[in-house]
Structure formats: C-alpha cells, structure tokens
1. Say we look at the stretch 444-463 and pick out the residues that are surrounded by fewer than 13 Cβ atoms within 10 Å (Cβ to Cβ) and at pLDDT 95 or above; which of these is farthest from Asp15 (Cα to Cα)?
2. Looking for something over 23 Å from the mean Cα position of the chain (by Cα) and closer than 30 Å to Arg105 by Cα - is there at least one such residue anywhere in the stretch 51-68?
3. I'd like the residue in the stretch 326-341 that is open to solvent by less than 10 Å² (accessible area, probe 1.4 Å) and part of a helix (DSSP H, G or I) and, out of all such residues, is farthest from Leu168 (Cα to Cα).
4. If I filter the stretch 282-317 down to residues being in contact with a helix residue (DSSP H, G or I) (Cβ under 7 Å, 6 or more places away or on another chain) and under 14 Å from Glu173 (Cα atoms), which single residue comes out as surrounded by the most Cβ atoms within 10 Å (Cβ to Cβ)?
5. Only one of these is over 28 Å from Arg361 (Cα atoms) and of a type outside the set (D, E, K, R): Asn474, Asn479. Name it.
6. Here are some conditions: (1) touching a Phe, Trp or Tyr at 6+ places or on another chain (Cβ under 6 Å); (2) more than 28 Å from Met492 (Cβ to Cβ); (3) not acidic (Asp, Glu). Lys315 meets all but one. Which one does it not meet?
7. Given Tyr147, Tyr154, which one is touching an Asp or Glu at 6+ places or on another chain (Cβ under 7 Å) and under 22 Å from Ile370 (Cα atoms)?
8. Could you figure out which of (1) under 22 Å from Leu131 (Cβ atoms); (2) open to solvent by less than 40 Å² (accessible area, probe 1.4 Å) isn't true of Phe256?
Amino acid sequence: MSKNPLDPLNPREFDELKARHLLQRAGFGGTEKQVTALANLGLENAVNYIVDYEKLNDNLPVRGDEFDPDIMRPRTRSEQDNFRDARRSGDEAMLEQLRLDRQRRQRADRQQIEQMERWWLKRFVETAKPLQEKMVLFWHGHFATGYRAIENSYHMFLQNNLFRDYALGNFKEDLVRKIIRDPAMIKYLNNDQNRKGSPNENLARELMELFTLGEGEGYTEDDIKEGAKTLTGYNVEDDSFAFRSNLHDTSTKSIFGRRGNYDGDDFIDLIFTRKQAKIFIVEKLYKFFVNDLPNGKTEDATAYINQLGNLLKRKDWAVKPIVKTIFMSSHFYSEENMQAIIKSPIQLIAQAIRSLNTPQRNKLVSSLVIASDLMGQRLFAPPSVKGWDGGRAWINTSTMFIRQNTLLYLITGQRPDGYGWDADSSAFDVMPLINSIENEPKKIAAHLMNTLLGTKQPNQDRLSSLLDYLKTQNNEINNTTVMGLLTLITAMPEYQLC
C-alpha cells in the first residue's frame with residue numbers, strides 16, 4: 001500500500017527539535033522554555049494550540065484606534081464648491097491655500113504609514129498569536145499592495161485588518177472575493193478607472209496571473225479583457241467599496257468558453273472552476289512554510305503539493321485545514337525540509353527577539369523598521385504587485401552586512417550610523433540561555449549552536465571556531481563571553497535559515 005504524502009508524523013517522533021521547527025515556521029520562534037512546553041503538549045495538541053489561535057487571549061489592539069481615517073478624506077461638498085469657484089474666478093490665493101492643505105495632509109499621511117510600520121513590527125514581536133501575524137504577512141506579499149501608489153495609509157490599514165480577520169479563512173470567499181472590493185487594491189490596480197466602454201484590465205489580469213491561477217495558466221488575453229468588463233464600476237467611496245452601476249458593463253461576456261452577463265462575483269466563481277486554482281496558492285504556501293530553496297521542488301514535494309491541492313478543493317477552499325495538515329505531516333518535519341527556508345528580514349528580526357529575549361533598546365522599533373527596509377522588506381511597500389521574491393533574493397553582499405549588524409545591535413546594542421558606532425547600554429542578561437547546561441565550554445557552545453541554528457548535532461568546524469574564541473577568553477563563561485558566542489553564531493550562514 002503506497003504512502004500518502006500527507007501522512008502525519010509519528011507522534012513519538014515529535015521532540016524539542018521538531019517543536020522548535022514548528023514554532024519557527026508557524027511563527028517567529030520562541031524561548032527554550034516555550035519550545036519545551038510545546039514539545040510536552042505532543043504533536044496534535046501543539047499544532048492545535050498554534051493553529052486554533054482564536055482561543056488564545058492577545059492584549060494587542062486589533063483595530064488601531066490611534067490611526068486617523070480622515071487624513072486623506074475626500075473633499076466635502078463645500079470644499080469642492082470652493083475649489084470650483086476659485087478655478088472659475090482665478091482666485092490664486094484660494095487655490096494656493098487648497099494646495100497647501102493637500103500637501104499638509106500628504107505629509108501627515110506619510111507620517112501615519114511610518115507609525116503603522118512600527119505598530120505592525122511590534123505585533124510580530126509581541127503577539128500571542130504568531131501564526132495569525134505570519135499569515136497576515138503572507139497575504140500582504142500575495143495580494144501585494146504598496147502605499148506609494150495609493151497614498152492613503154488608512155486604506156492600507158483596512159487591508160491589513162482584512163488579512164488579519166481572514167488569515168486562516170476561506171481563500172475564495174473571504175480573501176479573493178473581498179480583495180476585489182478592497183479600497184487599497186482597487187486604487188493600487190486602477191480599478192477606480194475601470195468603466196463601461198473604457199475597461200482597465202489591471203485587476204482582472206493580476207487576479208488570475210498573481211492571485212489565483214499563475215502566469216499564463218488556464219486563461220487567455222481574451223479572458224482578461226472579458227474579465228475586466230465584469231469588474232467595471234467596482235470603485236471606492238471614502239473608506240468603503242462602492243459599486244457604480246452606471247459604470248458597470250452589463251453586456252454578455254465570454255470567459256473560459258462560457259457566456260453570460262457576468263459581474264465580479266461570477267468572474268471569481270469561473271476562476272475557481274480552473275484546475276490551476278487548487279495548486280497555485282498551495283505552492284505558495286509550501287514555499288512559505290515548508291521549503292523555498294531551489295532544490296525544494298522534489299518529486300516528493302510535487303506529490304505533496306498535488307495532494308494538498310486536492311484537499312483544498314475538498315474543503316471548499318478553506319485555508320485552515322491546509323495549514324493544519326502541513327504542520328501535522330511527516331513531510332514538514334523531514335530532514336530535507338528543516339532549515340530549508342531563508343529568513344525574511346521580518347523573520348530574522350522577530351525570531352531573534354522572541355528566541356533570545358533581547359532587551360528593549362532606545363528607539364529599537366524605529367531602528368528595526370529602517371533595518372528591515374535596508375534588508376529588502378519594507379512593510380506596506382512590497383516592490384511590485386508580485387510581492388517579494390523571497391528565498392535567495394533576500395541574500396546579497398549588501399543585505400548580509402545589514403543582517404549581521406542588525407543582529408549585533410539586538411545582542412550588544414552597537415549599531416552603525418552616520419557618525420560611527422553608537423552603543424545602547426541597556427543590559428542584556430544572556431545567562432538564562434545556558435542556565436540548564438553544565439558549566440563546561442564545549443557543552444555550552446554546542447547547546448547555543450543547537451538552539452540558535454535548529455540542529456541536533458552542531459557542525460564540528462563551527463563548534464571548533466567557538467571553542468577557539470573561548471580559549472582567547474581563558475575559557476571563562478560569563479555574560480560577556482556568552483554574548484560573544486551569540487554574536488559569532490548569529491554571524492554564521494546557517495543562522496540565516498529556519
């Protein structure tokens with residue numbers, strides 16, 4: 001009898017090494033105490049604890065009442081009348097006043113999106129529901145929308161909360177159907193310019209190419225043109241979706257060889273009849289959670305993805321059962337899939353803080369937001385509608401320099417700036433990281449390597465380099481030397497993986 005690729009891991013094999021793997025992939029890692037607690041729950045209970053996060057209490061604000069929805073509000077009727085009258089009469093003083101007010105609002109809005117970046121980064125570090133925030137990040141990269149193109153921070157915030165509300169919801173009904181009504185997406189892909197007689201194809205194209213089917217998979221240029229007609233009149237009114245019936249094309253459309261008077265919802269229903277729909281999103285989830293390295297697409301991985309796709313369709317496009325199946329499967333915990341994902345900048349930062357419990361430093365969050373941007377991942381600003389490429393694209397000479405300096409800053413407080421090294425003197429007691437280990441240099445170095453690099457046995461060459469360092473310190477084990485070990489381990493290439 002052939003083995004099902006989705007077969008779960010033998011519960012007896014779920015140890016601390018695999019619990020750490022789960023905690024890193026399903027979130028942003030954790031302390032040794034949290035790893036041990038997760039391992040003690042056993043496989044099924046551990047996965048349920050992480051995936052069924054709605055049962056957990058999280059004191060973080062969800063709605064962000066501190067954000068102003070009206071910075072980029074539409075002009076009021078009286079403001080529109082004043083603008084029209086000023087243009088008609090040539091009142092340059094009034095026109096200049098209105099322009100200055102617009103510029104003031106734009107500056108305030110840019111400040112608010114920066115505040116939102118800090119707000120979201122703090123959530124990655126502090127949340128009791130790490131899988132939820134990690135899925136928000138996944139959807140942000142999948143339905144990629146950038147602030148610079150829409151210049152409305154509150155619309156970006158609304159989209160962020162949409163992803164949070166339906167992080168493990170139904171891909172078709174909760175996410176795809178709602179994204180065609182999302183103000184940020186409508187503006188980003190110019191669907192506010194999509195109208196009867198003059199269709200804009202951007203949203204229809206990306207809906208199939210990047211969101212559901214894959215580039216050139218299962219559709220034609222004619223399907224894009226006809227699909228665009230179904231989305232005419234899908235517009236925005238202030239912070240809400242607005243359907244402009246007078247701009248909607250009510251003619252008969254032909255999509256995938258079928259004819260009808262289709263609207264946007266019909267278009268989505270048609271898209272999800274294509275066989276590619278069940279595979280495309282599963283492949284992206286696989287790269288995000290299981291293996292994103294070039295050699296990750298093995299025969300086993302292909303069979304696994306195909307079975308996951310079949311499961312997704314059987315579950316009527318519900319994401320939660322797919323994610324739970326991934327985290328339960330033996331394939332997820334196989335040796336070739338451990339330490340097989342290159343950490344994104346956000347993963348690198350959040351995992352270092354959550355696993356090492358680094359101190360709160362002066363201007364920490366602002367510094368880390370800047371560092372993440374320099375490493376290639378700025379929140380609310382994916383590089384294009386394709387999102388971040390991820391994988392090997394995260395690593396180059398420039399980003400490696402920033403990655404190592406960011407970790408050095410988190411551990412020691414030293415950071416490079418325009419005026420040289422500036423050290424934050426906040427105390428970092430690293431000794432709790434080795435409290436349970438016998439006070440012997442080799443055992444301590446090996447333990448730190450295993451916990452930071454997610455390995456069972458340390459690489460002997462790497463271990464020797466750590467022991468050589470300790471010899472220069474007379475083999476003393478104290479806060480300074482252990483901190484030195486941390487800086488050396490986090491500088492190793494293996495630390496870039498999770």
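1. Asp461
2. Yes; the residues of the stretch 51-68 include at least one that is over 23 Å from the mean Cα position of the chain (by Cα) and closer than 30 Å to Arg105 by Cα.
3. Out of the qualifying residues, it is Asn337.
4. Leu312
5. Just one listed residue meets the conditions, Asn474.
6. Tallying (1) touching a Phe, Trp or Tyr at 6+ places or on another chain (Cβ under 6 Å); (2) more than 28 Å from Met492 (Cβ to Cβ); (3) not acidic (Asp, Glu), Lys315 fails exactly one: (1).
7. Tyr154 is the lone residue from the list that is touching an Asp or Glu at 6+ places or on another chain (Cβ under 7 Å) and under 22 Å from Ile370 (Cα atoms).
8. Every condition holds for Phe256 apart from (1).
The values are calculated or read from the model by the stated rules, or taken from the named source; none is laboratory data. Source: prediction; values computed, not measured. Quick reminder, even Gly has a Cβ in these numbers, built from the backbone with ideal geometry, and neighbours come from all protein chains shown. Protein only, heavy atoms only, side chains kept; ligands, DNA and RNA dropped before computing areas. Shrake-Rupley method; radii C 1.70, N 1.55, O 1.52, S 1.80 Å.
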